[in-house]
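Structure record follows, encoded as structure tokens.
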Amino acid sequence: MTKIPHLRWWIVALVFLAAVLNYIDRQTLSALAPTIQRDLSMDDRAYANIVNIFLVAYTISYLVSGKLVDVLGTRLGMVIFVGWWSVANMLTAAAQGAQSLGVYRFLLGFGEAGVWPAASKVVSEWFPARERALAIGLYTMGATFGATVAPYLVIPLATHAYSETMPWLADVLGQGTGWRLAFILTGAAGLLWLLPWWLFYRLPKNNQRITAHELDLIEKGAAEDIRTGDTSDDAPWSWSRVLTSRIVWLLLLGRLITDPVWYFYQFWFPKYLNAERGLSQEQLKITWVIYAAAGVGSLLGGWLSGHLVKRGGAPARSRLWVMLGCACVMPVSPLITRIGDTQLALAFAVLAVCAALASLINISSIVVDVVPKSSLGTVFSVVAAGSTVGGIIMNTVVATMVSGPAANPGGFLDQAIRAVLSPILSVVQGQGYGQWFLFMAFLHPLAWLMLYFGGVHRRPALRSA
């Protein structure tokens, strides 16, 4: 069989592509939110509930998908997740109202979360320690690239005059032909991805396409992990160890506090530009600059932490220095709503998003460094569950800020969240987007202080970046 030089980078390229498809499918709803809300008669509270339903499913999936990847293996696990979410995305085209849309988005979220613990496991299986931060940055950039191109792919589909050019398709899909077709086509792309993944992915030692030199490089990296890691072997972590680990809880809380910033830019920033700055559905294509900035931040965060470690810095301390720099950037957030010029406001948003993603990469890299491969999916999932919980809180808070009192009684999920957050919601209700942009100035600094004084950098034996 033909050997493929540098196969590990081709493997991570496939993971990159999976991340691209993951975020295209996710961002189709937010990119087309004004159109879909109009066609399905949904207000902003209903939209927030749909996003929360997605994130609830995402959280549940995180808690089980990582363990599933550890048990079934990366190859089969990725097939299950990508196939599941692709079919769920295609089914979204059948939505007739908020309730059915919520069901399909729940199914989408339940499938999409699994790609991230699987991706982290791919990196641990195929990359020596010194390359991991960059590899994580690369596949994370796939997510931001997907978010970047999504508006350019789906907005033209949604705004095309099908009744004039393809009346037969308009007859089949009915009202909202364009956005329904967007869900069908983007979901189908994920099914096509399954073929190269199934053909090419094996563990390095079982992959007949890997060169002897590359296999030796990976195996030497694994041996180095054992010599420098905090465990003497690759023994799996028990649930008791996972749930009582100080590091796990610190990183979980760190993501709960900071990830709402990224979720806001994914789910609400296009709506902010539409509602507050008057951008039309067509003009929302400009949001590509936000997601491009996220991609730059992903690569920059991984490169910077790896560079500091190569110069002799301890991994956790080096990553905290990068995260401190990111935290110092985030106070520009309130300026985004206070500047009249939209282009300048976008420039500040680009800066904030770049810093947020650079910080996120470093939190993820610490997990891959410190956890044995056999338990990486499980631990990564638990930490990432904090991310989605933070996203759910953000959605409810932002929806309350930009809306007045609810016109209709909320559903069970809405009532449950509001029962917990009632004191906060009563203060921020109707205050508008400006209040949230002010909050975002403080989230990363707060998380950094928690991680620093929680002693993440004092862990005696972290692996190299």
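We did not get these values from a lab; they are worked out from the coordinates using the rules stated. In this text, all values refer to a predicted model and were calculated from it rather than measured experimentally. Methodologically, a virtual Cβ is constructed for each residue, glycine included, from the backbone with ideal geometry; neighbour enumeration extends over all protein chains shown.
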Practice task
Could you let me know the centre-to-centre spacing of the range 68-132 and the range 243-258, using Cα atoms, in angstrom?
Solution key: 22 Å
Practice task
Evaluate the relative contact order of the chain (contact order divided by residue number), counting alpha-carbon pairs under 8 angstrom at least 6 apart; express in whole percent.
Solution key: 26 percent
Practice task
Express in % the proportion of alpha carbon pairs of the range 49-177 at distances exceeding 20 Å.
Solution key: 58 percent
Fill in the blank from the handout: In vacuo Debye sum over C-alpha of the range 110-171, base-10 log of normalised intensity I(q)/I(0) at q = 0.21, 0.24 Å⁻¹, listed in q order, is -0.87, -0.99
Practice task
Highest first, please rank the peptides 176-187, 117-128 by the mean number of other Cβ atoms sitting within 10 Å of their residues.
Solution key: 117-128, 176-187
Handout entry: Ellipsoid semi-axes in whole angstrom, largest first, where each is sqrt(5λ) of the Cα gyration tensor of the chain
Key = 35, 27, 20
Problem - Length gained when the stretch Gln431-Arg241 is fully extended (0.36 nm per residue, less Cα-Cα span) - result: 64.1 nm
Problem - Using θ = phi - 60° and Karplus 6.51 cos²θ - 1.76 cosθ + 1.60, couplings along the range 144-150 (whole Hz; Gly, Pro as x) - result: 6, 5, x, 5, 5, 7, 3
Exercise for the section: Calculate, for Cys328 and Gln96, the FRET efficiency according to 1/(1 + (r/R0)^6) with r their C-beta to C-beta distance and R0 56 Å; round to the nearest 0.05. Expected result: 0.70
Practice task
Rounded to the nearest 500, what is the 222 nm mean residue ellipticity of the chain from helices alone, with -39500 (n - 2.57) per DSSP H run of 4+ residues and division by all residues?
Solution key: -26000 deg cm²/dmol
Exercise for the section: Figure the gain on full extension for Ala275 and Arg311 (residue separation times 0.36 nm, minus the Cα-Cα span) and round it to one decimal in nm. Expected result: 8.2 nm
Problem - Equivalent ellipsoid dimensions for the range 240-341 as semi-axes, Å, which come from the Cα gyration tensor, largest first - result: 32, 18, 13
Fill in the blank from the handout: Full extension between Leu215 and Trp168 adds, at 0.36 nm per residue less the Cα distance, a length in nm of 11.5 nm
Exercise for the section: Determine, from the Cβ-Cβ distance of Gln175 and Ile286 and an R0 of 30 Å, the FRET efficiency 1/(1 + (r/R0)^6), rounded to the nearest 0.05. Expected result: 0.65
Completion exercise
For the pair Gln343 and Trp321, the simple spin-label estimate (label points 7 Å beyond Cα toward Cβ) gives in nm 3.7 nm
Handout entry: Cα centroid separation - the range 156-212 against the range 298-331, whole Å
Key = 36 Å
Practice task
Given a cut-off of 24 Å, name the pairs among Lys3/Lys67; Lys121/Lys220; Lys67/Lys205 whose C-alpha atoms lie farther apart than that in the structure shown.
Solution key: Lys3/Lys67
Problem - FRET E, pair Thr159, Arg130, Förster distance 60 Å, beta-carbon r, rounded to 0.05 - result: 0.80
Problem - Mean Cβ neighbour count within 10 Å, used as a protection proxy, ranking 360-371, 10-21, 46-57, 281-292 highest first - result: 360-371, 46-57, 10-21, 281-292
